[in-house]
Every structure is written in C-alpha cells, then in structure tokens.
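Step one of this worksheet: look at the structure below.
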Amino acid sequence: MRKSLLKTPPSELSSRPAPHAALVALGGRRKARRNGAGAPYTGVPRLRVAVESPEPDATDEDPQITARVRLLEAFVSRTELADCTQFALQWLAETIGLTKSICLVRPGSELVLFVAGTYGMPGSAAASYSVSLEDWANPLVSTFTNRKQIFFPAAHSAADRKRRPSTPFEDAAFHAVPLGVPGSSDEAFGLLLIGESGPLPHAFQWFVSSLTQKLDQVLRQQALTEGDRRQSRERSLLTSIINAVSDPILLTDTDGRLVIANSRALTLFTASEEESEGRRGAVRMNNMLLSSALSSKAIEETGATRRELLLVNPVDGSDLVFELLSAVTEDPRQGSGVVSILRNVTDLRRASEEIEENYRKMRVAEVQSRAERDRLNLIIDSVADPIVVTDAGGATSLMNEPAERLFTIPQRASEIERRWVQANDAHFSSFIAGMLVSADQRRVGEIGLVDPATGESMPVEAIAGKILSDHGELTAVVTILHDRREALEKAKLYEQLKQASDELERKIQAATADIAQQNELLRRQAIELEQASALKSQFLANMSHEFRTPLNAILGYTSMVLQGVGGPIAPPVRRQLGRIESNGRHLLTIINEILDISRIEAGRMPLQISRFKIPDLVSEVKAELEPMIRTKLNVSTQLDKDLPLIASDRQKVKQILLNLFSNALKFTHHGRIIIAARRNVADRTVLLSVSDTGIGIARPDQEKIFEDFRQLDNSSTRPYGGTGLGLSICRRLSQMLNGKLTVESQLGKGSTFTLTLPIKGRR
Amino acid sequence: MTTKPERPRVLLVDDYPDAREMYTEYLEFSGFDVVEAANGMEALTRAAESEPDIILMDLSLPVMDGWEATRRLKSDRRTASIPVVALTGHALAGISEGAKKAGCDAFVTKPCLPEDLVKEIRRVLESHARAKKVRRSGKHAKSVN
C-alpha cells in the first residue's frame, strides 16, 4: 500500500524540467494544501536553516563530542528532510572540514535521486542536479545500488571524464558515499557526494551513520505522511467513484455490519431517526434481506456468484429486484469482509417479464391466427362460389373446392377434360394478369369458362380485389367467381314468363273487350227482356181486363137471375144457372191467379204492411169458405191464447190461408180440418197451419206441388179442378213476406201445410 | 117514373152497355135512382145536372178516361163532395193507387157481382154521411167558438 501511494505517474516526472525544483515545488504545494486546509504548519522553512546556524558551541567540553551532540540535538529538533540535510552538511563543513557536499535522496521508490541539500556548491547547478537510477552506465547508480563507497579522482583528460559521471563537481575529485541503513538488506535511499581529493576522515563515518539514521527516519516519516495524504485523496476519489456508480456497493464485516457503502447503498440500507417510519421500516427490511443473503452459509452454498435479491425502495415502497454479486475479501489487518455489488435489474426483470409476456402473447396470437386461418379455410371451402387467391406474381396460392373443380385437372381426366381445365386456367390467368398490371383496387369482369364436369359453357362473373400490405405492397389478389348460368337461365325464364304474361294480358284484354261486348249485348237483351216482360204484363193486364168485362156480365146476370130479379125461376133452371155461376167463378179464379203470378214475376206485387190480429183473420177465412164446408167434415181452430199482433200484409196472408183452407176442403172428403196458430218465441215467428185428413201427398211429390201450373194429376180426367197455380202463388207470397210455406204429408192420411211468418214482418 | 126523394141517386159511368144495363137494373131493383154515362165527358155533364149522391166510375173510358173525369169532378166545387167509387176490370197494382190519387173514395174490381157492388155503395154512402155529419158538427162548433 505504501508503495502504491507513493507512486507518481511517470508523465509527471518526465515533464518536470528540474527534479530538485520539483521536489521543492512538491513541498511548497504540500504546504499550500495544508495551509489551504486550515491546518497550521509549524515546520521550519528551508531558508531559515542558513540563518539559524551556527549553533553556539559548548567550548568547555570536547569539541568533537560537543559538535556531535549538537548535530544529534539538531536532528532531534528537525523533522524536515531539507532542514536536516542542510544542517548536517553545514555541520560537516564546519566540524569535519568537508566544505563541498551534495546530498541526494530517493524519495520513495522513484527511480531518480534528487538533491536534498548542498553545501559549498556555487551556482544553481547543484540544486537542480539529479541522478537517474535507470542509467545503469552511471557509476553513481552502481554505487547506490551496490551500497559501496567510491572515490572519483579529478579528471584531467576527456578519457578521464568519460569514466566518471557528470556532477556539479565537474572535473574535481569527489567521493560518492551511499546512504543506507546499516545491517539492513534494504537498498540505499540516498547518496552523499563529498568534494575532497584526499581520503575521508574517521569522524566522517560517524556522521554518515548519524545522517543515515536520521534521513531514514525522516524519509520514512515523509513517506508515511505522503502515503496518508495520498490515501485520503485516493479514498475520496474511490468514494466519489463508488458513489458515481449507480449500483449500490457495500462492504460488510463478518457479522454483516455495514463498513463501507456508496450513496445508492446508503439510501437502501440506512435511515436516520428523522426519516419517516415507512422509510425506516423499509430500510430495516432491506438490511434483514441483505443479511440473510450475505450470511456466510448463503455465500458458501451459492459461491461468489450472482443471486437475486428482492428489496424495497424506501423512497416509494416499490419493489426493486437486484442482482447481488458478493465476494469475500481477506484483509490481514481488518479481517475478512464481504464486498457486495447490487445491480438493479428491476427494469431488466420487467423487460424480461415483458419479453416473456410478449412471447406468450405471440404464442397465443399464433394459435389464434392458426385457428383463424383454419376457420377462414373452412369458410372459403364452404362458399359455393369458386374463390381463388393469387399472389403478387400471379401464382395461385389458395383455392377452395369449387375453384379446384374448375382449375385443377382431376385424376384420370380425359383429354377433353384436360383441355377444358387448361382453357379455364388460361382465361383466368389472363384476367388476373390484367388485374395485376392495372391500378384498379377492384375489378369486375366476365370470364367465359367451361364446366369441366359437363363441358357446358359456363360464363362467370369474376370479382377480384387486391390485398395490400401495411406498406401498400400488393400481397395477394382474391377473386370470387360467380356462376352466371343460373342468372342467365333465370333471365331467360323471366323473359319467357314476361312474354307469356304479355300474351296473357293481351288475351285478357281481348276477353275483357269480348265480355264488355257480351255485357252490352246482355244489357240490351235485358232491356229487351224487360220490355218484353212489361209487354207481357201489359198484355196480361189487358187480357185480364178484357176477360173480366164479359165475365162480369155473365156472373152478374146469373146472380141476378138466381136472385129472382127478373121473376121466379124453375128449379131445374136454378140448377143450370148454378153450374154457370160456379164455372164463371172458376174462370175468374184462373184469371186472378194468372194475374197474380204475372204480377209477382214482374215485381209489381206491392206489399201493404199493417199490424193485425190473427184470430180475426182466421175467422174471416173460415166465414168466407163456410158455404164450401161439407157437412161430413169437422172443421176446428186451435189458436194460442197469447198470439201477438203481427206486422205483415194482411191481404196476402189471408190469400195464402184461403188457398190452404180451400185446398184442404177440396181434398178432404171426411175426417177433420184444423186451422191452428201458435207462437214460436225462440224464432219470434207465428206458425199458421192447416191440417187435414185428406188424400195426402207422397213424399217425392211434396216439393212438386209448389211448382207453377202443377196439379199432381195432370190427366184430362182429373177429379179436382184448379189451375195448379195456388200453392206456387202461396209460396211466392210467403217468401215476399219473409216467411216460409212447408208441407208435411202422408199419402192417404192427410197433410199439414204450415205458414211461418215473422212477428215483425219484413226486416 | 116518379122517384121517391129518399132514393139515393147513383151516377153509373161505364162504356160497356151490357154491364151498364145490368148494374142499372140491379141498382134500381135494390132501391137506387140511376143516371148513366158512357164516358168521362158525359159523366161530367150528368154529374153537374143530376147532382148524384155517389158516382160509380169505370176507369177505362173513351173520350175522357175515369181518372181525368174524377180529377175534374173533384176540382169542381159543385161536385167535389160527391164520393166516387172506381169500378174497373184492371187488377194490376198501381191502378187503385192512381184512382185514389185522382180523387176516388173507393175502389172495386170487376168482375163484381151486382149485390157486392150494392153493398159497397151502401158502405161508402154511410161512411160519407158520417163524415159529413162530423164535418157539419165541427163547423157548428167552430162558429160557436
């Protein structure tokens, strides 16, 4: 350590023009530093040495002894090298009479001997004299290294001069005396040059040993002081170096106590009392963590290698990850300790974690993209339209199954199939080539392909889109082909349908025109029919009138004759007149019934609705036909007590009842006839019925009796009279009155005719 | 022929002589005084000069038909109060409507037996006399008030 501290950089030495001056300057600088640092320097300045001497002699004693005591006393009181040397050389001149001397010393381990003091040497040459120890040819160097005193006689020629070193004594004779600790194996530390041509006196030997001893002491002391200074400088330098290191560095003793720590380490492992509790807690924890990490056992187990140490940042409490590098140092004086360097790898760790995370994400993304690709493949394959992906060079990189059918030659393909596929490929390639050279992002075109399966022409619509990379480079072209056959077929069918539809429309128009014409015709016919009907009605009316007029006279006169207006008549005549009358009445009935039918058919049968009582009506009907009732017949009425007034055409209802009753009388030879009226509350109707025990009507004939001019026995010899219009008129009238006329009958047992009428008349 | 003043006078208008003769014979047999007319124009003249109690009016008549004659009778102050019974062989609907519109008080369809015609004449005369009586008492009441 001493050696290293004393070492001066060689550059500093070589740039120094005068080694002695440099030593002085070094001393001056040292003083300045010390003064500057505020420490008082009590050392005696070199200049004062000359002023101080000579010391007062002790004359009463042996001069030799006294002189020696004086020297030793001076040595005791002096600690500076120059001081001691100067005094010693002066003492040598004064006491021993050696008046020209130069003392050279080697400060520390430097390879140069500098002047420590001179005496009796004129000029400044001696002060700046120095000897390089690397100059092996210099006899002084061997003197020094061999520690052997040597005499250089005066030089008289150039050859003499060559054999001797260059010194401030020039050509004069001198002695070179090495200064070294006697009995020690250490090399010399100085050289004393004495300008003397004769041998050196005995007293000189004592002087040399005394000086040697003193200078050894001074130099040792000086070296020590210099070492301290350097050490502190180096220490501060080291401190600032280790403080400049951003990694915490610390030295701990065997018990784990902190010996040295840089500022980074201090913030982690020390906290004063004023610091917050949290910070102190963090520091305590850090110390604990560090101690356990540094425990000798831990070090032994893991060696002086890298370990990870998790600490807490006392400033913000965040986690810090350090890499701990620790090594055991052996120091003979202070014992062993552990030097630790903590490298903050928090960011590193974080970065590595991020890298791991990114890697993981990348793996996930890869898996996803693979799944995506698989799905895309599935989708593409599931599309019925052919899809082709072409790379930037025009080569097919992907196609789905429908596309394969068009563009790849199947195994065991016939020659014609092969040619079709090749033709398809050529057509498609030219389309893609056009797409690749154009600047269009999208292109829609039509390609005439052939279906290789059938050889059928297959026009397709091709929709191609370019896929660009992030940098705008073309990476692929995706083309979707759409089979146009169906669309064309549909268009054709549509056209046919349209033609058919047009045709149909024309036909409909023609038919419509036809129908309009027919309608017009019908309308005219209807008018004509109406006119014909009106004419018929008019004719019937006229006919009726013309029939009635003579019939009126026939019946009138018959009646008058029968009444005896013109005088009494004979019984046979009365009987004959009775025939005339009954036939006349029959004729009138026929005329009236024909008239009724024609009125109903012409819609000229007006209704006169009034409210009337059914019992009254039944009585009138019974009374009117009283003369026709045969004595064998039992005629009765069964009328409900709560019969309501009904709103209807009284005249028509009476006509119907008269007809039914007269029929019953006509076709019933014995038994009974019941005229009944009852109310049906649920239907809000009244049922008027005429039941007889007459000849009855067979079931198949029961509807026929309501037809016009229908009498069941149409033979010329039929036993019953009548036009056959009566029931037909009754049914029509009942319908006009919103009622109905029905019959229940059994052949040979009798019939019941029922007229059902709404109580409220016409709705 | 002397006529009792209580015999009601009937103006019988009919263009068919057999019918006219038959009804006349029977009406006179039944106690009526009968004045005859063969058409509407004649009916107007006879009505004005003989002041009948009731007029039997056939509707289909030559020269002037029964509807027109009735309208004229009813619009003449002197004959307006005489009841008119339409007597026709027309049985079509609308005939009786038209007759009533023209002012007929009753309507009888031919063929009509003489005795039925007499019944109808008596019914109309009775209701006419009742109405006249009511009208008269109404007038009387009015004058008192």
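The values are calculated or read from the model by the stated rules, or taken from the named source; none is laboratory data. Owing to the predicted nature of the structure, the values given are computational and were not obtained by experimental measurement. Neighbour counts run over all protein chains shown; Cβ positions are idealised from the backbone, glycine included.
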Practice item. Looking only at segment A:588-598, decide whether some residue is farther than 18 Å from A:Ile729 by Cα and either of a type in the set (Val, Ile, Thr) or away from chain B (no Cβ under 14 Å) (or both). Key: no
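Considering only segment A:180-212, state which residues are of a type in the set (Ser, Thr, Tyr) and touching a strand residue (DSSP E or B) at 6+ places or on another chain (Cβ under 9 Å).
A:Ser197, A:Thr212
Give segment A:559-585 a look and list any residue that's polar (S, T, N, Q) and at the interface with chain B (Cβ under 9 Å from one of its Cβ atoms), or say none.
Initially, segment A:559-585 is screened for residues polar (S, T, N, Q), giving A:559, A:563, A:576, A:582-583.
A:Ser559, A:Gln563 - these are the residues of segment A:559-585 that are polar (S, T, N, Q) and at the interface with chain B (Cβ under 9 Å from one of its Cβ atoms).
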Study note, to complete from the structure: Out of (1) modelled with pLDDT of 80 or more; (2) under 60 Å from the mean Cα position of the chain (by Cα), the one A:Pro201 does not meet is (2)
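Yes/no per residue for (1) surrounded by fewer than 16 Cβ atoms within 10 Å (Cβ to Cβ); (2) touching a helix residue (DSSP H, G or I) at 6+ places or on another chain (Cβ under 7 Å):
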residue: A:Phe431; (1), (2): no, no
residue: A:Ala439; (1), (2): yes, no
residue: A:Glu446; (1), (2): yes, no
residue: A:Pro452; (1), (2): no, yes
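Which residue out of A:Glu473, A:Glu486 is among the charged types (D, E, K, R), loosely packed, with under 11 Cβ neighbours inside 10 Å and in contact (Cβ under 8 Å) with a residue 40 or more places away in the chain?
Details: A:Glu486 fails: in contact (Cβ under 8 Å) with a residue 40 or more places away in the chain.
It is A:Glu473.
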Check your understanding: Is there a residue in segment B:127-134 that is touching an Asp or Glu at 6+ places or on another chain (Cβ under 9 Å), closer than 18 Å to B:Val34 by Cα, of a type in the set (S, T, N, Q) and modelled with pLDDT of 85 or more?
Key -> no
Practice item. Scan A:Leu111, A:Leu133, A:Leu193, A:Leu104 and give me the residue that is surrounded by 23 or more Cβ atoms within 10 Å (Cβ to Cβ), among the hydrophobic types (A, V, I, L, M, F, W, C) and closer than 25 Å to A:Thr225 by Cβ. Key: A:Leu104
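Pull up segment A:229-248, narrow it to residues that are assigned to a helix (DSSP H, G or I) and in contact with a Leu (Cβ under 8 Å, 6 or more places away or on another chain), then point me to the one that is nearest to A:Glu308 (Cα to Cα).
Here is the first cut: in segment A:229-248, the ones assigned to a helix (DSSP H, G or I) are A:229-244.
Among the residues that remain, those that are also in contact with a Leu (Cβ under 8 Å, 6 or more places away or on another chain) are: A:230-231, A:234.
Working: A:Arg230: 37, A:Gln231: 34, A:Glu234: 32 Å.
In this case the residue turns out to be A:Glu234.
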Check your understanding: What about B:Glu115, is it at the interface with chain A (Cβ under 8 Å from one of its Cβ atoms) and modelled with pLDDT of 80 or more?
Key -> yes
**Study point:** Some residue of segment A:416-433 being assigned to a loop (DSSP other than H, G, I, E, B), out of contact with any strand residue (DSSP E or B) (no Cβ under 6 Å at 6 or more places or on another chain) and either touching a residue at least 40 places away in the same chain (Cβ under 8 Å) or closer than 15 Å to A:Val478 by Cα (or both)
**Key:** no
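From A:Ala88, A:Ala93, grab the single residue that is surrounded by 20 or more Cβ atoms within 10 Å (Cβ to Cβ) and either at pLDDT 85 or above or out of contact with any Lys or Arg (no Cβ under 9 Å at 6 or more places or on another chain) (or both).
Values: A:Ala93 fails: surrounded by 20 or more Cβ atoms within 10 Å (Cβ to Cβ).
That would be A:Ala88, the only listed residue that is surrounded by 20 or more Cβ atoms within 10 Å (Cβ to Cβ) and either at pLDDT 85 or above or out of contact with any Lys or Arg (no Cβ under 9 Å at 6 or more places or on another chain) (or both).
Looking at A:Arg611, A:Arg575, A:Arg579 in this structure, which one is charged (D, E, K, R) and assigned by TED's automatic domain parsing to the domain that holds A:Asp649?
Details: A:Arg575 fails: assigned by TED's automatic domain parsing to the domain that holds A:Asp649; A:Arg579 fails: assigned by TED's automatic domain parsing to the domain that holds A:Asp649.
Result: A:Arg611 is the single residue among A:Arg611, A:Arg575, A:Arg579 that is charged (D, E, K, R) and assigned by TED's automatic domain parsing to the domain that holds A:Asp649.
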Exercise for review: Check segment A:535-558 and report whether any residue there is over 27 Å from A:Ala647 (Cβ atoms), in a loop (DSSP other than H, G, I, E, B), without any contact (Cβ under 8 Å) to a residue 12 or more places away in the chain and more than 10 Å from every other protein chain (Cβ to nearest Cβ).
Suggested key: no
Review point. How many residues does segment A:651-670 contain that are charged (D, E, K, R) and surrounded by fewer than 18 Cβ atoms within 10 Å (Cβ to Cβ)?
Key: 2
Exercise for review: For B:Leu117, indicate whether it is within 30 Å of A:Glu581 (Cα to Cα) and not in a helix (DSSP H, G or I).
Suggested key: no
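Residues checked against (1) crowded, with 19+ Cβ neighbours inside 10 Å; (2) small (Gly, Ala, Ser):
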{"site": "A:Ser582", "(1), (2)": "no, yes"}
{"site": "A:Arg585", "(1), (2)": "no, no"}
{"site": "A:Ile594", "(1), (2)": "no, no"}
{"site": "A:Ser598", "(1), (2)": "yes, yes"}
{"site": "A:Lys613", "(1), (2)": "no, no"}
{"site": "A:Glu620", "(1), (2)": "no, no"}
{"site": "A:Leu639", "(1), (2)": "no, no"}
{"site": "A:Arg672", "(1), (2)": "no, no"}
{"site": "A:Ile675", "(1), (2)": "yes, no"}
Revision key, fill the gap. Residues of segment B:9-49 being exposed (fewer than 15 other Cβ atoms within 10 Å of the Cβ) and away from chain A (no Cβ under 11 Å), in sequence order, are B:Gly31, B:Thr45, B:Ala48, B:Glu49
